[in-house]
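Working notes for the structure below.
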Amino acid sequence: QTVVVAGGPKGGARASARLAETKTPVVLLPSYYIETQAPWPDVVGLVQAGVSVSLSSHSAATGLSLDLFREARLVYGRLAGEVNEPASTTLSMMTRNGAEALRQPSGSIEVGREADLMILQIEPELDEDHETIAQGILRSGGPNVIRDVMVGGAWLSRPVPEPAVDLQVRLRAK
């Protein structure tokens, strides 16, 4: 399968339609466009054409920056006011679309499937709709809100619950 790393406004609507027709995923490099002053591809046109767009958080131009939330906020800024549910669309670019471009299964948590997931510490209101929650994730997202990470069904980070930490500290103090 071909994956296109997008740069510049070449091709326009015809190119977007062809990418959608051939189900060719496109990867965006938002920080790269900013750092190198390269022109952005038509992100809105790609989304409106139904192209599967995903995000990358690294390129030679951005050094070792691995902040996918930063990349997402840059793309969200371009989609807001231009497409329906821009925050939800951006979250799909960060997650499902990238997995699908890499031919990785995605989309559900089921018994027996190996999960790759990240649990974020956010506190939405009970009456908030999906788009409002997605906006909150983009706004506050970053390393400070990542609570747990699972890769291949195994937890990579499991913080010790607060009472257990307190108990361990008190036991060591004695």
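The values are calculated or read from the model by the stated rules, or taken from the named source; none is laboratory data. Fair warning: this is a prediction, and the values are worked out from it, not measured in the lab. Positions of Cβ are generated from backbone atoms using ideal geometry, with glycine treated the same way; all protein chains shown enter the neighbour counts. Quick note on the areas: whole protein, heavy atoms, side chains included, nothing else; ligands and nucleic acids left out. Shrake-Rupley method; radii C 1.70, N 1.55, O 1.52, S 1.80 Å.
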> Ignoring ligands, DNA and RNA, what percent of the 1.4 Å accessible area of the range 34-153 is carbon and sulfur?
Replying inline: 51
> What list of ³J(HN,Hα) values in whole Hz, one per residue of the range 127-138 in order, does the Karplus curve 6.51 cos²θ - 1.76 cosθ + 1.60 (θ = phi - 60°) give from phi, with Gly and Pro shown as x?
Replying inline: 9, 6, 7, 4, 5, 5, 5, 4, 4, x, 5, 5
>> Tell me which GluC sites (Glu not before Pro) from the range 44-151 have a DSSP coil assignment and no more than 13 other beta carbons within 10 Å of their own.
In response: E82, E110, E114, E125, E128
> Tell me, what ³J(HN,Hα) does each residue in the range 25-32 have, in order and in whole Hz, if you take phi through Karplus 6.51 cos²θ - 1.76 cosθ + 1.60 with θ = phi - 60° and put x for Gly and Pro?
Replying inline: x, 10, 10, 9, 10, x, 5, 4
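With a probe of 1.4 Å, find how much accessible area the range 1-155 has per residue, and write the answer as a whole number in Å².
On the way: 9230 Å² over 155 residues.
It amounts to 60 Å² per residue over the range 1-155.
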